[in-house]
Structure formats: structure tokens, C-alpha cells
Amino acid sequence: MSAAVDRESFKRLVRSADIVLETAAPGYMASLGLGYDELSLLNPGLVMTSITPFGQSGPYAAYAGDDIVALAMGGMLHLGGYFDSPPVAVHGNQAWLAAAQFAAVATMMSAFDVKRGVGVLGRHIDVSMQECVVMGMENAIQFYDLEGIVRRREAGQQRWAGAGVFDCADGQVYLIAGGFVPAHMRESNVRWLIDAGIAEAECMLDPKWSREDFQTTDEAREIFARLFGEFALQPYQGRAVCRRPGAAHPHLPGQRTGGRSCKPATPVSRAFCPARARGVGAHAPGAGRPIPLDRNALVGEAPQRH
């Protein structure tokens, strides 16, 4: 774009374009005479989207940044990893992907409004990667805003009685039968233990077990771990946890690679399989297993190939 002939070619394209996406530093496009104010004169219906680490204005606008910087400045890096270790970044350039997602949605909504002719002209959409990361912080912002509490990393520790990874006879199982789950889920798990012969589990039907302040005590965690462990360590109970008909609590088998050969990553041509899109009556490609194992750790079956 540094050559005048290139800028003129770009302007000719803009006259018939619906959307312009750009990721230059704030002010760079305007310095070339290609900012939104100039381009909108050529095409009033133009939707121009600018994606930058910190937005077009503000105290950090001129700062450079990449994925890990945005994760840190957006707060997500603070929540990633184990409670007693340095923070760990989520895999896969999630800050860039978050910015791309918000940019795509905002851009298409704006372009759709222009096409519908609802009196809306084009617009300049300012996407800050940092702000997009903040939007993915679950309830961390609300915790601080409403209660003055700064959330901490909690991976690697069991916060509530009934939630976490537990050993079983044939591996491990991740169970959520405590904490934020509804009371009927927690009680379903307790009654299942009672039905299975763990009579002492009846103590967990006491109303105090429905209170979060009790579920987070060492006493509650130790009681649940002992009683559930007595059940889950019996032969085949790990599989039973995940096969139980009508189970009212979330659970997931722990997948171990020890003793199983791991296949190479699935070729791209076979990495997707048809998945029905809800509400539209159509099928779209969905991601399959990136690294399938020889056998499924839960049921001992060979995985299906896509």
C-alpha cells in the first residue's frame, strides 16, 4: 500500500465492496488515506472492521501484542493452570480466535443490516483482542464487581465435595455431583451409593450438604472421597458410573494412554464427520477425533473411523 498506484487500486475495489477487514496498527490505514472516514466517502454502505490487540483508542492502543499478551492483559492467563504453579496459556491461539469470532459476528450483522436497507449505513467496527478475551472470563469480572473477590487458579485441587477426578477399578472418572450442580443431581448420586450398599452415604442427605460453605470443607471432601471411593474401586464400577441409565449428574471417563498405542493425528480429509445443525434441519461438518486410541478406555471398543 506504500505505492500510490496500489492505494488507487484498493480504492477502486472498495467502491464495490461490502466489507473491508484490516489488522494494521491503529492510525496506519488513515495515514495512507485509507481510513474509514475516507473509504466511506467512496462507499457509504461499507462495513470496515479493524482488529488490533487493544483497539483503536485508549491508553494501550499503540502497544504491540500477540496471543499470550492479550490472554494476560485480558485476565484469562491469570485463571489458567494449577493453583500452586505459574499461569498456563490455553492452547490454540485462543485470544486471536476470540477476536476473529467477535469480528465475524459483528461484521456479518452490520453487512446484513446494510443489505436489508433498514436505514443503516456502513460503519467502522473496532475489535480489541484484549476486550474479546475479557468476554470469555466466565464470571470472574462479576465476582470482582459485585463481591470484590479476585478469582484464582483452581486446577489440580478439589474445590467441592463430589466434584473432581476419582480413582476407580478400571481407571479414573471425572464426576460433578457437588458444588454448583442442582440438588437433585447431588441427591441422585448419594441415593445411587446407598442402593449399591454404601449405607453410610445416607449421611450426605443431611441438609447441610446442600450448602456450598459445607461442601468446600475438608471434612465434606474427605467423607465424599472415602464413600465414593469405596464404591468406585469395586470391579467395573468405573464403567458403571458412565453407563448408568438415567444418571442425573455429569460424568466422564478418564482416558489414559498407558498401555495403548496412540495413532498418528487423523488426516485432514478424515478429521470431520457430518453433524446435524440444530434448528436449521441441515448437516454441517463437525470435528472428529484428532488422535484416536486403539481402544476406547471406557468400553474397550475400537473407535469408529470417519
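The values are calculated or read from the model by the stated rules, or taken from the named source; none is laboratory data. Please read these numbers as outputs of a predicted model, since none were measured by experiment. Every residue, glycine as well, gets a Cβ built from its backbone with ideal geometry; the counts of neighbours run over all protein chains shown. Each accessible area value is taken on the protein alone, full model and side chains, heavy atoms only, with ligands, DNA and RNA left out. Shrake-Rupley method; radii C 1.70, N 1.55, O 1.52, S 1.80 Å.
Of all residues in the range 122-147, those that are charged (D, E, K, R), outside any strand (DSSP E or B) and closer than 26 Å to residue 25 by Cβ total 1.
Yes/no matrix, rows are residues, columns are (1) under 21 Å from residue 104 (Cβ atoms); (2) open to solvent by 30 Å² or more (accessible area, probe 1.4 Å):
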residue: 8; (1), (2): no, yes
residue: 21; (1), (2): yes, yes
residue: 24; (1), (2): yes, no
residue: 42; (1), (2): no, yes
residue: 53; (1), (2): yes, no
residue: 60; (1), (2): no, yes
residue: 68; (1), (2): no, yes
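Close contacts from the range 73-84, counting a first residue that is touching a residue at least 60 places away in the same chain (Cβ under 8 Å) and a second that is surrounded by fewer than 21 Cβ atoms within 10 Å (Cβ to Cβ) and assigned to a helix (DSSP H, G or I), with Cβ to Cβ under 7 Å and a gap of 6+ residues or different chains, come to 74/134; 75/134; 75/140; 79/140.
Search the range 171-205 for residues being within 24 Å of the chain's Cα centre (by Cα) and aromatic (Phe, Trp, Tyr), and hand back the single one that is least open to solvent (accessible area, probe 1.4 Å). If we take residues in the range 171-205 being within 24 Å of the chain's Cα centre (by Cα) and aromatic (Phe, Trp, Tyr), then 174 is least open to solvent (accessible area, probe 1.4 Å). What about residue 108, is it closer than 12 Å to residue 74 by Cβ and aliphatic (A, V, I, L, M)? Spelling it out, it is not the case that residue 108 is closer than 12 Å to residue 74 by Cβ and aliphatic (A, V, I, L, M).
Looking only at residues of the range 97-141 that are within 19 Å of the chain's Cα centre (by Cα) and of a type in the set (Asp, Glu), we find that the one that is modelled with the highest pLDDT is 131. Residues of the range 115-170 that are open to solvent by less than 40 Å² (accessible area, probe 1.4 Å), touching a Gly at 6+ places or on another chain (Cβ under 7 Å) and β-branched (Val, Ile, Thr): 133 alone. Determine, yes or no, whether residue 17 is out of contact with any Leu (no Cβ under 6 Å at 6 or more places or on another chain), open to solvent by 30 Å² or more (accessible area, probe 1.4 Å), in a loop (DSSP other than H, G, I, E, B) and in contact (Cβ under 8 Å) with a residue 24 or more places away in the chain. Taking the combined requirement at face value, the residue does not satisfy it. Of all the numbered requirements in (1) part of a loop (DSSP other than H, G, I, E, B); (2) under 28 Å from residue 17 (Cα atoms); (3) of a type in the set (Ser, Thr, Tyr), residue 110 misses one, and that requirement is (1). Scanning the range 138-175 for residues that are under 30 Å from residue 203 (Cα atoms), small (Gly, Ala, Ser) and touching a residue at least 24 places away in the same chain (Cβ under 8 Å) yields a total of 6. Considering only residues that are more than 14 Å from residue 134 (Cβ to Cβ), buried (at least 16 other Cβ atoms within 10 Å of the Cβ) and without any contact (Cβ under 8 Å) to a residue 60 or more places away in the chain, which ones fall in the range 94-103? Correct list: 96, 100. Output the residues belonging to the range 148-173 that are within 15 Å of residue 221 (Cα to Cα) and either among the β-branched types (Val, Ile, Thr) or in a strand (DSSP E or B) (or both). Those that are within 15 Å of residue 221 (Cα to Cα) and either among the β-branched types (Val, Ile, Thr) or in a strand (DSSP E or B) (or both): 163, 164, 165, 166, 167. For the range 74-91, indicate whether the set of residues that are exposed (fewer than 14 other Cβ atoms within 10 Å of the Cβ) and over 23 Å from the mean Cα position of the chain (by Cα) is non-empty. No - not one qualifying residue is present in the range 74-91.
As a summary of the residue check, residue 55 satisfies the conditions (1) touching an Asp or Glu at 6+ places or on another chain (Cβ under 9 Å); (2) free of Cβ contacts under 8 Å to residues at least 40 places away in the same chain; (3) part of a loop (DSSP other than H, G, I, E, B) except for the one numbered (2).
Among the conditions (1) over 15 Å from residue 131 (Cα atoms); (2) open to solvent by 60 Å² or more (accessible area, probe 1.4 Å); (3) in contact with a strand residue (DSSP E or B) (Cβ under 8 Å, 6 or more places away or on another chain); (4) not aliphatic (A, V, I, L, M), the only one that residue 36 does not satisfy is (2). Remark: pairs (first residue in the range 222-246, at pLDDT 55 or above and surrounded by fewer than 19 Cβ atoms within 10 Å (Cβ to Cβ); second residue part of a helix (DSSP H, G or I) and among the charged types (D, E, K, R); Cβ separation under 9 Å; 6+ apart in sequence or on different chains) = 223/200; 226/200; 230/200.
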